[in-house]
Amino acid sequence: MRKLIIQLLIVILVLSGSIGYVFVNRATPASSCTIASLTTQVGNGTLSYSQVGNGRSILLLHGLFADKEQWNTMMCRLSEMGYRAIAPDLPGYGNSNGFTLSDYALENQTTLLHELMEKLRIKSFDLAGSSMGGAIAHLYAQRYPNQVRTLAFIGSPLGIVDWASSFKEAIFQGINPFIPITKEQFALEISLLFFTPPTIPDSVIAEKVNDYITRNQHYQQVWDIVNLYDDILCQGVPTQLPTFTIWGEEDKIYDISGANRLQECIAGARVIQLPKAGHLVLIENADEAASKYVEFLQTARGR
């Protein structure tokens, strides 16, 4: 029954619309959870962000071609446990607009996010990211270590290990599963992202594929930029922050074996290997991910 509920929720999320490889979003929060949607000027653009709860602040960063709504369920769980959760549409993604192609560089993303936190007058917070968001979170923690209390990767992060064999196989066949231009390529994307792939209506698939075709050059340009950071978590000054990772054992984007290298590059990092979980643990395993993350926050040394 639980799997059926999750699949129905995922279909609803897709129907609500968005673009990008982590297109499954706008999770339906608990009835008592009201997520505020806000905007502010950052750099030369307008940044959209979600916020819910009170107490210790947590900044949540989404992955490539994604948007803030993918965090909705986790945000509600975190607010229920006494935290203030903030999730922005990263510059150039979702409803954040007015940014240039150069703003997609991960270093520039950290600069713009720092400006956001300054505008929100949040001097100290916990920082977590998914996939590309994890790499951005790591760069932010390196650049502003006195501002970040803890660092977390909710799902495997970009920048620690090469693509999994299943993903490479598609690339060798001339297919980028994150920029699908046919119904079949879209289905491949879904199978790689989820442990239990949802069933999505043909009309929704056609809409998504059409967007990838229409704006293909843009997607390819952003993809090329982000792929310059494939080893970023092992570069620079190692972070001394308490670090936590949830990695799906069935992840078909970054293989679970990468968890060992993460612990080599980030000494002392705690890694939880989640069974029956894929790449998008923040969606498919939101309740469990939130619970384990809060356990980490409660045990991490205070800053």
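Where a number appears in this text, it was derived from the coordinates with a stated rule and is not lab data. No experiment lies behind these values; they were computed from the predicted model shown. Cβ coordinates were reconstructed from backbone atoms using ideal geometry, including for glycine residues, and neighbour counts include every protein chain displayed.
If you average 1/r over all unlike Cα pairs in the stretch 223-303 and invert the result, what Kirkwood radius do you get in angstrom? Before the final figure, lay out each step's value.
Numbers: mean 1/r = 0.0717 Å⁻¹.
Hydrodynamic radius (Kirkwood, Cα pairs) of the stretch 223-303 is 13.9 Å.
Given Leu158, Phe65, Val52, which one lies farthest toward the positive end of the charge dipole of the chain, if we put +1 on the Cβ of every Lys and Arg and -1 on the Cβ of every Asp and Glu?
Value: Val52.
Taking the Cα-to-Cβ direction at Ala36 and at Tyr144 and moving 7 Å from each Cα, how far apart do the two end points lie in nm?
Once both label points are built, they end up 1.9 nm from each other.
Identify the residues of the stretch 217-238 with backbone N under 16 Å of a label point that sits 7 angstrom from the Cα of Thr299 along the Cα-to-Cβ direction, or state none.
The answer is none.
Simple spin-label model, 7 Å along Cα-to-Cβ: Asn44 to Arg261 in nm?
Between Asn44 and Arg261, the label points sit 3.6 nm apart.
Which loop trypsin sites (Lys or Arg not before Pro) in the stretch 24-127, with loop taken from DSSP, have no more than 16 other Cβ atoms within 10 angstrom of their Cβ?
Numbers: sites: Arg26, Arg56, Lys68, Arg77, Arg84, Lys119, Arg121, Lys123; in loops: Arg26, Arg121, Lys123.
When the trypsin sites (Lys or Arg not before Pro) of the stretch 24-127 are filtered for loop state and at most 16 Cβ neighbours within 10 Å, Arg121, Lys123 remain.
Quick one: dipole size for the chain, taken about the Cα centre, charges +1 on Lys/Arg Cβ and -1 on Asp/Glu Cβ, in debye to the nearest 20. Present the calculation step by step, with values, prior to reporting the outcome.
Details: 23 positive and 28 negative charges, 201 e Å.
Approximately 960 debye in magnitude.
Below 19 Å Cα-Cα, how many Lys pairs turn up in the chain? Only count pairs eight or more apart in sequence, or on different chains, if you could. Walk me through the numbers before you get to the answer.
On the way: Lys3/Lys276; Lys68/Lys119; Lys68/Lys208; Lys168/Lys252; Lys183/Lys208; Lys252/Lys276; Lys276/Lys292.
Going through the chain pair by pair, I get 7.
Net charge within 15 Å of Ile190 by Cβ-Cβ distance, Lys/Arg positive one each and Asp/Glu negative one each, not counting Ile190 itself? Intermediate values should be presented prior to the final figure.
On the way: positive: Lys183, Lys208, Lys252; negative: Glu184, Glu189, Asp202, Glu207, Glu250, Asp251, Glu284.
Spelling it out: positives minus negatives among the neighbours equals -4.
Show the residues, 5+ positions off or on another chain, whose built amide H is closer than 5 Å to the amide H of Arg149.
Phe125, Asp126, Leu127
Which ³J(HN,Hα) values in Hz, rounded to whole numbers, follow from the phi angles of the stretch 226-238 under the Karplus curve 6.51 cos²θ - 1.76 cosθ + 1.60, where θ = phi - 60° and Gly and Pro get x?
Working through the residues one at a time gives 5, 6, 6, 10, 6, 10, 5, 6, 9, 10, x, 6, x Hz.
Just to check, using Stokes-Einstein with a Kirkwood Rh over alpha carbon pairs, what's the diffusion coefficient of the stretch 113-247 at 20 °C and 1.002 mPa s in µm²/s?
On the way: Rh = 16.9 Å.
This corresponds to a translational diffusion coefficient of 127 µm²/s.
Quick one: compute the contact order of the stretch 2-299, relative version, from alpha carbon pairs under 8 angstrom and 6+ residues apart, as a percent. Kindly include the intermediate steps, with their values, before the conclusion.
Numbers: 610 pairs, mean separation 53.6, N = 298.
Relative contact order for the stretch 2-299 comes out at 18 percent.
For the pair Asp211 and Asp230, how long in nm is the line joining their label points, each one 7 Å along Cα→Cβ?
Placing both labels 7 Å beyond Cα along the Cβ direction yields 2.7 nm.
Grab the eigenvalues of the alpha-carbon gyration tensor for the chain, scale each by 5, take roots, and send me the semi-axes largest first in whole angstrom. It would help to have the intermediate numbers written out before the result.
Working: eigenvalues 137, 89, 86 Å².
Those come to 26, 21, 21 Å.
Would you calculate, for the chain, the mean residue ellipticity at 222 nm contributed by helices, counting each DSSP H stretch of 4 or more residues as -39,500 (n - 2.57) and dividing by all residues, to the nearest 500?
Details: 11 runs with 118 residues, N = 303.
Mean residue ellipticity, 222 nm, calculated: -11500 deg cm²/dmol.
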